[in-house]
Amino acid sequence: MSRHPEVPLVPRPDSMTVQPGRFTLDDRTALRAGPGAEDAAALLREALAPATGIRLPPAPDGRIVFLLDPALGDLGAEGYGLTVSTEAVVLRAARPEGLLRGVQTLRQLLPPASLADGPRRGTAWTLPCLRITDRPRFGWRGAMLDVARHHQPAAYVRRFVDLLALHKLNVLHLHLTDDQGWRMPVPAYPRLTEVGGRRAESDGNGLPHEGSYSRAELVALVAYAARRGVAVVPEIEMPGHARAALAAYPHLGNSPGTRLQPWTRWGVCENVFGVHDAVLDFCRTVLDEVTDVFPAPYVHLGGDECPLTEWRASPAAGARAAAEGLPGPAALHGWFMRTVAAHLTSLGRRPLAWSDTGTELPAPFTVLPWRDPEHGRRAALRGHDVIMAPFRSTYLDYPQSADPGEPRGQDGVLDLRAAYDNDPAPAHWEPEAVRHVLGTQAQLWTEYASTPAQLEYLAFPRLCALAETAWSTHRDWPDFLHRLDRHRTRLAALGVRGRTPHTVPAP
Ligand code: TNX
């Protein structure tokens, strides 16, 4: 039985038995890390030091033991076993990633004050005696952060990674480019960030917005996330959602004489990349740089919401469609995605794309169906791997309640229950469809959220619910709410100010 509200882990572990007694950590507690377990040990030390002052020095007879143990292979790459008795804490996993997940469980088992970023002395640092065997339901458990609509400093993105890791999420999908901003430098195209990284205002507010990352910041972010078992998956939008790039390099558009600015409105923009060779060269050069900076096996190529207006009006696009033997301009979208994906594949990476309908993308793509879960099922039945991202349960830019005090967002409401009810692979789906579901992720679009405080208000606690739907096979809403109530104390210790059940933020 794993329903133990007195040990309120989020996400809920696969199985847990709680026993009487507690293990106490103090200055003399030592940690023995077996071969391959050193990084997980270092992560725990680093996490505990600021609040507790406990250093967990290495020692061969340490009472906390971290071990890689091939015998736990059945638990998969991220599974782990944890035993806490009054005498010892033993964390074991077949792979280092499993130990990293176990470290997050240990952080949650300690008093919430242990999560604070400064000294919290006078607390007894104890763990409940228990036995946990845990493994994720899905291998892809992510959150997309849109840093294109509103740029966030690299230091904040690192904090976001910490919050993902605490909830055993393992993918940060960075939405780096869009109509309103381009945030990643590409040496061959310096105007992408110089011109594309700045817009005059946002939706009529009269305030300029700008920002981009340096290559060094992105490289450091990747390393920071990797230490926590989080992969950073970059997204470069094409062929639509590309107006910031068109502002920087008009020759990439469909009417090179037209001068555009990075878009200052939200929504779907009609300006899209052209389909001539210079555009394909551009995309390849950008992806060479992207794959150099981001080692993740997947790169996201966008692909959503590409109006055909410009291609229909463009003789060059018509000529391209004819030359490629396509039935018309509408088929250029699939052709564009396939052509650019081929380059990515040649670099040893796998292409991801948003899927509007579940049927429009060429074969090599792993797709993120964002409209209806049914699109995901259809894409999976066509043989695509899918990462479920249906907007009604994973889009965190919708208000969390109908309360008029809720900050402005997209039209509609996505409450905590809707986030919790996201089932990435419903029981009624065919086994052939379920087999293709890699997992699910939250989407934090930022048209209406520009500051870290606004982002965190939107993300919490809905991201806790998403983490549970991605990690746990258990579905138990009352139990989740009960654990979440205690989990809020942890979020408070971390300075996260999410939505609480009965309050809305001050305007
Ligand atoms: C649709 S879903 C978009 C984004 C917006 C979002 C707002 C998708 C792939 N595209 O460009 O930010 O809706 O909810």
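Among the numbered conditions (1) in contact with a helix residue (DSSP H, G or I) (Cβ under 7 Å, 6 or more places away or on another chain); (2) within 26 Å of residue 426 (Cβ to Cβ); (3) open to solvent by less than 10 Å² (accessible area, probe 1.4 Å), the only one that residue 357 does not meet is (3).
Grab the helices (runs of 4 or more DSSP H) fully contained in the stretch 319-412, keeping just those with 2 or more residues being closer than 26 Å to residue 471 by Cβ, more than 16 Å from the ligand (Cβ to nearest atom) and in contact (Cβ under 8 Å) with a residue 24 or more places away in the chain.
Details: elements: 332-346, 373-381, 391-394.
Result: 373-381.
Looking only at residues of the stretch 252-269 that are away from the ligand (no atom under 16 Å from the Cβ) and out of contact with any Leu (no Cβ under 7 Å at 6 or more places or on another chain), we find that the one that is modelled with the lowest pLDDT is 256. Quick check, is residue 272 at pLDDT 95 or above, in contact with a Cys (Cβ under 6 Å, 6 or more places away or on another chain) and aliphatic (A, V, I, L, M)? So residue 272 fits the description; yes. Taking the criterion of being of a type in the set (Gly, Ala, Ser) and crowded, with 23+ Cβ neighbours inside 10 Å, the residues of the stretch 426-466 that qualify are 439, 442, 449, 459, 465.
Note on the stretch 108-144: among residues that are open to solvent by 10 Å² or more (accessible area, probe 1.4 Å) and of a type in the set (Lys, Arg), the one that is nearest to residue 73 (Cα to Cα) is 135. A residue that is within 16 Å of the ligand (Cβ to nearest atom), surrounded by 15 or more Cβ atoms within 10 Å (Cβ to Cβ) and either of a type in the set (Ser, Thr, Tyr) or not assigned by TED's automatic domain parsing to the domain that holds residue 193 (or both) cannot be found anywhere in the stretch 279-297. Checking each residue in the stretch 187-231 for being aliphatic (A, V, I, L, M) and either touching a strand residue (DSSP E or B) at 6+ places or on another chain (Cβ under 8 Å) or closer than 30 Å to residue 99 by Cα (or both) picks out 192, 216, 218, 219, 220, 221, 222, 223, 225, 226, 230, 231. When residue 226 is tested against (1) crowded, with 17+ Cβ neighbours inside 10 Å; (2) within 14 Å of the chain's Cα centre (by Cα), only condition (1) is not met. Tell me, please, whether a residue that is out of contact with any helix residue (DSSP H, G or I) (no Cβ under 9 Å at 6 or more places or on another chain) and free of Cβ contacts under 8 Å to residues at least 60 places away in the same chain can be found in the stretch 246-253. Yes.
Please work out if residue 10 is surrounded by 18 or more Cβ atoms within 10 Å (Cβ to Cβ) and among the β-branched types (Val, Ile, Thr).
yes
How many residues are within 16 Å of the ligand (Cβ to nearest atom) and closer than 15 Å to residue 144 by Cα if we restrict to the stretch 435-449? Adding up the residues that qualify gives 9.
The values are calculated or read from the model by the stated rules, or taken from the named source; none is laboratory data. None of these values were measured; they are calculated from a predicted model. Cβ coordinates were reconstructed from backbone atoms using ideal geometry, including for glycine residues, and neighbour counts include every protein chain displayed. Just the protein is used for accessible areas: all its heavy atoms, side chains included, with ligands, DNA and RNA removed. Shrake-Rupley method; radii C 1.70, N 1.55, O 1.52, S 1.80 Å.
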